[in-house]
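These notes are about the structure you will find just below.
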Amino acid sequence: MHPKFGYMLLVTSSCCGREEEGRGLLSSSDSVRWSSIEPCIAISSLLSETQCQTLIKPLLINLFDDRSWRVRCVITDKFLQDSVRWSSIEPCIAISSLLSETQCQTLIKPLLINLFDDRSWRVRCVITDKFLQIQEALGESVSVAVLLPAFGSLLKDVEPEVRTRAAEKVEQFCAALPATDRETEILTHVLPSVEEISKDPSAHVKTALALNVMGLAPLLGSELTVEHLLPIFLTLLQDEVTEVRLNVISTFDKVHNVIDASQLSQSLIPAIVNLAKDCKWRIRLAVVEFVPLLAAQLGHELFDETILPLYLGWLKDPVFAVREAAVNILKQLTDQFGVDWTVNCIFPTVF
């Protein structure tokens, strides 16, 4: 017998006995009922949806409405221990899918919401890791009213580990917000914290943010991106940590369709030019790989004016990987600008 199946049978027999047998949550003994709470929560992750609806949901309702105040308090009491609190987060999320919206708002929401400012940074780390699942479980109304302020607070948490995990969720969390007034909510609750951690003393926080913040551009649109996000992009592009700069460059594809050529040339191109001459060859390589996207957006004249001199320099770069990447994108540039452009602009330098 598979170990998981055996455990499932064991827990089911403990929690789901017939009333006349006096077992589990149906026992007449308070101590037996509250000792059955933990296996009742654990079993939900091992059963099918149908089994959960049949076995766990009725028990869960009894759990929160038990005649004994001690039984009703036992889940809260368990949350006094850090390890129990963070290990209870996932079962709470799983259980929420079995409850009605009213029951979820009444029973599960208070338990999870209290953990966002838990005294233990480990608990806050776990709740941040599960933030997207909580967002989905609690619904759109809770996302705006409760989760937005909570997410902004987690981005500014005193512990770098919590801030890092929150930064990793920025794009997905904002994308899952209700489309109505999403731009306003992001500007009000998320961007102030994002701007603050773009200068975070922790390299891990900035590295995580740099990989995700570009994804906000399509959600905000061109005007708001230029006004609010570009300063953050430029700050990260100038960061002293190599991985931060690399992560921003690697996600340029998320923003290049949002910002038009004129805005690009005025704001990002100067920063890209500086990065193209970066002393770290991996930075130069990342910029080279981004050039075809730039070519498509800038057009012939602006590309020749700003990027072509850099491209010719990469063909002679002291690092083989950079030279190879420059050669590899030549076909894409030729497809974009034509054979005559390649013959007139590239060949004289190469041959």
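Any chance you could tell me what percent of the C-alpha pair distances in segment 148-288 go past 20 Å?
The answer is 43 percent, as a whole percent.
What GluC sites (Glu not before Pro) does segment 198-295 have in DSSP loop regions with at most 16 other beta carbons within 10 Å?
Answer in residue order: 240.
Using a ≥ b ≥ c from the Cα gyration tensor of segment 300-348 (square roots of the eigenvalues), is it rounded, prolate or oblate, where a/c under 1.5 gives rounded and otherwise the larger of a/b and b/c decides, a/b for prolate?
Cα axes put segment 300-348 in the prolate bin.
Where the centre of each part is set by its Cα atoms, how far does segment 121-142 sit from segment 153-189, in angstrom?
11 Å
Find the relative contact order for segment 261-338 and round it to a whole percent, using C-alpha pairs within less than 8 Å whose residues are 6+ positions apart.
Relative contact order comes out at 31 percent.
Quick one: Karplus J couplings for segment 244-250, per residue in order, coefficients 6.51, -1.76, 1.60, θ = phi - 60°, nearest Hz, x for Gly and Pro?
Per residue, the Karplus-derived 3J(HN,Hα) values read 5, 5, 4, 5, 5, 4, 5 Hz.
Mind checking segment 194-274 for trypsin sites (Lys or Arg not before Pro) that DSSP puts in a loop (not H, G, I, E or B) and that have at most 12 other Cβ atoms within 10 Å?
Taking segment 194-274 and a limit of 12 other Cβ atoms within 10 Å, the loop trypsin sites (Lys or Arg not before Pro) found are 199.
For segment 260-351, what log10 I(q)/I(0) values come out of the Debye formula at q = 0.24 1/Å, with one point per alpha carbon and no solvent?
Here log10 of I(q) over I(0) equals -1.34.
Every number here is computed from the coordinates shown, using simple stated rules; none is lab data. Only a predicted model underlies this, so the values are computations on that prediction, with no experimental measurement involved. Virtual Cβ from ideal backbone geometry, glycine too; neighbours counted across all protein chains shown.
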